[in-house]
Amino acid sequence: MSVDLIFPMGKFEARIPTDRVYSSNHLWLQETANRYRAGFTSYSVRLLQDVYFLDWVIDPQSSVRERQEIGEIESSKALSTLYAPFAGIVRAFNEKLLDDPSAINTDNYGTGWLFDFETDAVPLTPEAYVALLADGWEETQRTLKGQFQ
Amino acid sequence: MAGKKITVVLSQAQGKNPQRRHLEEEIATALIMAPDVDCSVVPHLYDMSHDHTGMLFLRSVPGDLIVLSWLFPRAAHWTLDRAGVKGHEGESLLRDDESDNESDLPQEDDTSLDSIGALDVPNRKIYCIDLRVDDSPQAFINEVRRISDESSIQTVDLMQWINGNPKKDQLERYLHPQQLLQLEVPRSNENGQNRNGQEEDGASNGDSSHQPEPTKRRWYPVIDYDRCTNCMECIDFCLFGVYGIDHRERILVEQQDNCKKGCPACSRVCPENAIIFPGHKTPAIAGADGEVAGLKIDLSKLFGAPSKSALELAVEERDVELVRDGRDAVGMEVGVPKRQTETVATPRDALDDLMDGLDDFE
Ligand code: SF4
Ligand code: SF4
């Protein structure tokens, strides 16, 4: 196992494994054969908290544009639309999550994966992703705070 | 003695949602029978104009008042305040507290430091209760009972206030409580059908001569003066003549019905988040307190939604309305605050609290 990077969110430490790559919309992508498997980073999961519900609005094998809407997620803390990380093709969804999305919380880097994805884009390295988190942290806090008022 | 009765006003839902009607009817039926409360039904608070009989009635209630409505308590409170139904905020224990996580967060007072507050607030309490927090009528009936007990302890104060400087209609109302808009409880009629089924939006009783005048749906901003600092950004921003200034130079939603239906633009511009649109789908804009469960963060931006600042959104929304009115879009050129980005900086460190609260929780 490679050494994980850590991004501190308040007292919480988001673990960013170095055995995979990342997208700026907080997904990890791990290369398997000719495609990537994608899932939420610990940073995303930390902000979401317990996921109750996950739904996809596109079918498997759909071509998507970068930032195209692909699904919806609801958790104890948040509601969000989900977007494609890059232009590419969504090959398959993790069917198990549709009935019970709890693996997103218990094993986000493993059995809680979201979908298989093909893309020619070049994802971020773990280091670049952590740098992006650091850059965006102030802004994220502000956005969240704004919503809490 | 009749004077000890606490007044409960049930404000009906917009539309004809059968579940909502049913809950209203169950509560009203029980409360009308109750000896120590005086229960009336009015149309939806937000939709009543200031001279609607329902509002006139509300203004005539002298003592403590419980208002059950389909609005966040903050929205109900300030809607009433604007209509001249003023009082101190009574605390209801019936709140939406499904999410226990939130209770770990420090409960902060929403009142902003430099807020201008409400004026001419009489010494009585108004308890606003959101009918969406529970499905069971009993929960509301119990809470009314609890408040009624709490309130009768203060009857002496109330008497003093009444004796002090009663307005004629208040005294009248106090001494001879009348059932002005008393709900005719829909005894199930011959067909076992609910008569309200065929009613017009907002009207409560078909053949009753006490039928309140119908209301139509309205849309306008409501200012929370416990947050508002009188900075005047809303009046600069809105180009539709909704805002005005009263004789004490305080900001005021003057021409409510000039506001553009569905437009929440100025609420995004207000640096204090003091502008409430009670009918907006986003709880934070509709007047939810930060602590309210059901208020969820929208993380769409984080997951890649095209990012727009609140100001950009507001300007866009305003342009849409301008164009719809046959006027020219003005973009960022008119009435936009100079300080833009620091708008979002707030003294409240909710995320840290959130994160720390969550850490304690784990
Ligand atoms: S922008 Fe907000 S704080 Fe400023 S005057 Fe308007 S309501 Fe009050
Ligand atoms: S919502 Fe739009 S029209 Fe209504 S008061 Fe605000 S800026 Fe003016």
* in contact with a helix residue (DSSP H, G or I) (Cβ under 6 Å, 6 or more places away or on another chain) and modelled with pLDDT of 90 or more: does that describe B:Pro278? -> yes
* Asked: Given the structure, is B:Cys231 within 15 Å of ligand 1 (Cβ to nearest atom), more than 14 Å from every other protein chain (Cβ to nearest Cβ), more than 22 Å from the chain's Cα centre (by Cα) and modelled with pLDDT of 85 or more?
  -> yes
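Please verify whether region B:234-255 includes one or more residues that are within 12 Å of chain A (Cβ to nearest Cβ) and within 8 Å of ligand 1 (Cβ to nearest atom).
Taking region B:234-255 and keeping what is within 12 Å of chain A (Cβ to nearest Cβ), we get none.
No, the conditions are met nowhere in region B:234-255.
Hey, any hits in region B:213-220 for a residue that's modelled with pLDDT of 95 or more, of a type outside the set (Asp, Glu), surrounded by 17 or more Cβ atoms within 10 Å (Cβ to Cβ) and not in a strand (DSSP E or B)?
The initial filter retains those residues of region B:213-220 that are modelled with pLDDT of 95 or more, namely B:220.
Narrowing the set further to residues that are of a type outside the set (Asp, Glu) leaves B:220.
Adding the requirement that they be surrounded by 17 or more Cβ atoms within 10 Å (Cβ to Cβ) leaves B:220.
Cutting the leftovers down to not in a strand (DSSP E or B) gives us B:220.
Within region B:213-220, one or more residues are modelled with pLDDT of 95 or more, of a type outside the set (Asp, Glu), surrounded by 17 or more Cβ atoms within 10 Å (Cβ to Cβ) and not in a strand (DSSP E or B).
Please go through region B:4-17 and give me each residue that is touching a residue at least 40 places away in the same chain (Cβ under 8 Å) and not in a strand (DSSP E or B), ordered by number.
Start the filter on region B:4-17 by keeping residues that are touching a residue at least 40 places away in the same chain (Cβ under 8 Å), which leaves B:4-16.
Across region B:4-17, the qualifying residues are B:Lys4, B:Lys5, B:Gln12, B:Ala13, B:Gln14, B:Gly15, B:Lys16.
Quick check, is A:Leu79 within 14 Å of chain B (Cβ to nearest Cβ) and closer than 12 Å to A:Leu54 by Cα?
Against the criterion (within 14 Å of chain B (Cβ to nearest Cβ) and closer than 12 Å to A:Leu54 by Cα), A:Leu79 qualifies.
Which one is nearest to the other protein chains (Cβ to nearest Cβ) among residues in region B:215-228 that are within 9 Å of ligand 1 (Cβ to nearest atom) and under 19 Å from B:Asp114 (Cα atoms)? Full working, then the answer.
Going through region B:215-228, the residues within 9 Å of ligand 1 (Cβ to nearest atom) turn out to be B:221, B:223-225, B:227-228.
Then drop every residue that is not under 19 Å from B:Asp114 (Cα atoms), which leaves B:223-225, B:227-228.
Working: B:Ile223: 15, B:Asp224: 11, B:Tyr225: 16, B:Arg227: 9, B:Cys228: 13 Å.
In this case the residue turns out to be B:Arg227.
Could you pull out the residue among A:Phe40, A:Phe12 that is within 14 Å of chain B (Cβ to nearest Cβ), closer than 14 Å to A:Tyr129 by Cβ and in contact (Cβ under 8 Å) with a residue 12 or more places away in the chain? Talk me through it step by step, then tell me what you get.
Working: A:Phe12 fails: closer than 14 Å to A:Tyr129 by Cβ.
Every option except A:Phe40 fails the conditions.
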* To do: Tell me which of these A:Arg37 doesn't satisfy, since it passes every other one: (1) under 25 Å from A:Leu144 (Cβ atoms); (2) buried (at least 17 other Cβ atoms within 10 Å of the Cβ); (3) charged (D, E, K, R).
  => (1)
* Structure fact -> Reported set for region A:107-149 where residues are part of a helix (DSSP H, G or I) and away from chain B (no Cβ under 14 Å) is A:Pro126, A:Glu127, A:Ala128, A:Val130, A:Ala131, A:Ala134
* Asked: Any idea how many residues of region B:256-271 are part of a loop (DSSP other than H, G, I, E, B), crowded, with 17+ Cβ neighbours inside 10 Å and more than 8 Å from ligand 1 (Cβ to nearest atom)?
  -> 4
* To do: Evaluate region A:78-92: report whether one residue or more is crowded, with 17+ Cβ neighbours inside 10 Å, in contact with a helix residue (DSSP H, G or I) (Cβ under 8 Å, 6 or more places away or on another chain) and free of Cβ contacts under 8 Å to residues at least 40 places away in the same chain.
  => yes
* Asked: Somewhere in region A:52-61, is a residue surrounded by fewer than 19 Cβ atoms within 10 Å (Cβ to Cβ) and within 11 Å of chain B (Cβ to nearest Cβ)?
  -> yes
* **In region B:229-272, the residues that are within 11 Å of ligand 2 (Cβ to nearest atom) and among the β-branched types (Val, Ile, Thr)** => B:Ile235, B:Val242, B:Val253, B:Val269
* To do: Using the structure shown, decide if B:Asp109 is of a type in the set (Asp, Glu), modelled with pLDDT under 95 and under 23 Å from B:Phe277 (Cα atoms).
  => yes
* To do: Examine region A:16-23 for a residue that is at pLDDT 95 or above, away from chain B (no Cβ under 14 Å), crowded, with 21+ Cβ neighbours inside 10 Å and assigned to a strand (DSSP E or B), and state whether such a residue exists.
  => yes
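The values are calculated or read from the model by the stated rules, or taken from the named source; none is laboratory data. Just so it is clear, the structure is predicted and the values come from calculations on it, not from any experiment. Here Cβ is always computed from backbone atoms with ideal geometry, including for glycine, and neighbour counts include all displayed protein chains.
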